[in-house]
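Asks: To start, I am sharing the structure in question, which I have written as structure tokens.
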Amino acid sequence: MIEEIQKLIDRYHAWLKDKTVLRRVNDRYVEITTPYLDRHNDYIQLYVRRENNRFVLTDDSHTIEDLRNSGVELSSPKRESLLTITLNGFGVKREGDALVVIASPETFALRKHNLIQAILAVNDLFYLAAPTVRSLFMEDVESWLELHQIRYTPRVKLPGKSGYDYLFDFVIPKSTARPERILKAVNNPNRDTASGLILAWLETRESRSPDSRFYAILNDSDRVPSESVMGALMAYDILSVLWSKREEMVEEFVA
């Protein structure tokens, strides 16, 4: 099993390298086009400049400006707090509307990874425009857990085998009746979000108890996730929970 998982991770790293494209923008910046897709199915792009012996990586304000242009209002205290918590979880700073990390040559790969993960997380948190939903899906899941008095720790960062950290939304601790349960709220279940969940689980599962379980809570309010997405998650022992059927999971989570 370990050898099989190692081959999958090596294959992922090879794919990441092959699909990453660099382009010089001007005398200061290099554009990095990554293989990760945003909510418009466009490749996520980062911009890097060198300052003495360190590197500054930024999304050039694209993530937040795109959300605002799509009608997502970020000014409420709850949403500002959620955005800040998400960025802090990846060590990403907000300078105006730009998402920024500072890296040394030694930490460049890790900081780049963290910035991409933050962009993906923010995109998913605010996937739907404000007129469409009353609250963020993350808030809905949190409120549901609290409604049923399900004990949890929010926004838990777990170390991956590669040395990179991965942020999970909720961890329900082990009890005498149930093992540790790790939860991820997925507002926009698609191939790319499924790939991200699979990678995070492959990277972190060896550091958890052998009986730990990983649940993907999938928002099916707008559309039902495809069978290919559900099947891919199942193939890697990720348990899918449709939001419309969440009440069926109360006993599993509350114990």
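Asks: Return the long-range amide H neighbours of L242 (sequence gap of 5 or more, or a different chain), with a cut-off of under 5 Å between placed amide H atoms.
Replies: Here the answer is L218, since their amide H atoms fall under 5 Å of that of L242.
Asks: Would you calculate the separation in nanometres between label points at R94 and K19, each defined as 7 Å from the Cα along the Cα-to-beta-carbon direction?
Replies: Those two pseudo-labels are separated by 2.8 nm.
Asks: Only sites in a loop by DSSP and with at most 14 other Cβ atoms within 10 Å count here; which trypsin sites (Lys or Arg not before Pro) in region 26-122 make the cut?
Replies: In loop regions of region 26-122 (DSSP not H, G, I, E or B), the sparsely surrounded trypsin sites (Lys or Arg not before Pro) are R28.
Asks: For region 102-255, what class follows from the C-alpha gyration tensor (a ≥ b ≥ c being the square roots of its eigenvalues): rounded when a/c is under 1.5, otherwise prolate if a/b is larger than b/c, else oblate?
Replies: Verdict is oblate for region 102-255.
Asks: Counting only C-alpha contacts under 8 Å and six or more residues apart, can you give the relative contact order of the chain as a whole percent?
Replies: Computed over the chain, the figure is 13 percent.
Asks: Shifting gears a bit: Taking R0 as 30 Å, what's the FRET efficiency between L147 and L74 from their Cβ-Cβ distance, rounded to 0.05? Present the calculation step by step, with values, prior to reporting the outcome.
Replies: Values: r = 26 Å, r/R0 = 0.86.
Efficiency computed from Cβ-Cβ geometry: 0.70.
Asks: Show that you can apply the helix-only estimate: for the chain, add -39,500 (n - 2.57) for every DSSP H stretch of four or more residues, divide by all residues, and state [θ] at 222 nm to the nearest 500.
Replies: So the calculated ellipticity at 222 nm is -11500 deg cm²/dmol.
Asks: A further question follows. Say we join alpha carbon atoms closer than 10 Å with springs in a Gaussian network model of the chain; which of T58, T20, T34 then has the biggest fluctuation?
Replies: Of the options given, T20 has the highest mean-square fluctuation.
Asks: Give the lysines reachable from K19 as a straight Cα distance under 21 Å; neighbours fewer than 8 places away on the same chain don't count.
Replies: Those lysines meeting the cut-off are K7, K112.
Asks: Give the shape of region 1-94 as rounded, prolate or oblate, defined through the alpha-carbon gyration tensor: a ≥ b ≥ c are the square roots of its eigenvalues, a/c under 1.5 means rounded, and otherwise the shape is prolate if a/b is larger than b/c and oblate if not. Please list the in-between numbers first.
Replies: On the way: a/c = 1.81, a/b = 1.29, b/c = 1.41.
Taking the square roots of the gyration eigenvalues as a ≥ b ≥ c, region 1-94 is oblate.
Asks: Rounded if a/c is under 1.5, else prolate if a/b beats b/c, else oblate: with a ≥ b ≥ c from the C-alpha gyration tensor eigenvalues square-rooted, which is region 25-171?
Replies: Numbers: a/c = 2.29, a/b = 1.46, b/c = 1.57.
Verdict is oblate for region 25-171.
Asks: Filter the GluC sites (Glu not before Pro) in region 1-83 to those in DSSP coil with at most 15 other Cβ atoms within 10 Å of their Cβ, and list the result.
Replies: Numbers: sites: E3, E4, E31, E51, E65, E73, E80; in loops: E73.
Within region 1-83, the qualifying GluC sites (Glu not before Pro) (loop, at most 15 other Cβ atoms within 10 Å) are E73.
Asks: Let me ask something else. Which residues does the label zone of I102 cover in region 48-77, counting backbone N under 19 Å from a point 7 Å along Cα→Cβ?
Replies: 48-61
Asks: For N190, what is the net charge nearby, where nearby means another residue's Cβ is under 13 Å from its Cβ and Lys, Arg count +1, Asp, Glu -1?
Replies: -3
Asks: Taking the Cα centre of the chain as origin and charging only Cβ (+1 Lys, Arg; -1 Asp, Glu), how large is the dipole, in debye to the nearest 20?
Replies: Taking the Cα centre of the chain as origin, the dipole is about 580 debye.
Asks: Taking +1 at the Cβ of each Lys and Arg and -1 at the Cβ of each Asp and Glu, which of S70, L197, S162 sits farthest along the dipole of the chain towards its positive end, judged by Cα position relative to the Cα centre?
Replies: My answer, from the dipole projection, is S162.
Just so you know, all these numbers are worked out from the coordinates, no wet-lab data involved. This structure is a prediction, so every number in the text was calculated from the model and none was measured. Here the Cβ is made from the backbone with ideal geometry for all residues, glycine too, and neighbour counts use every protein chain on show.
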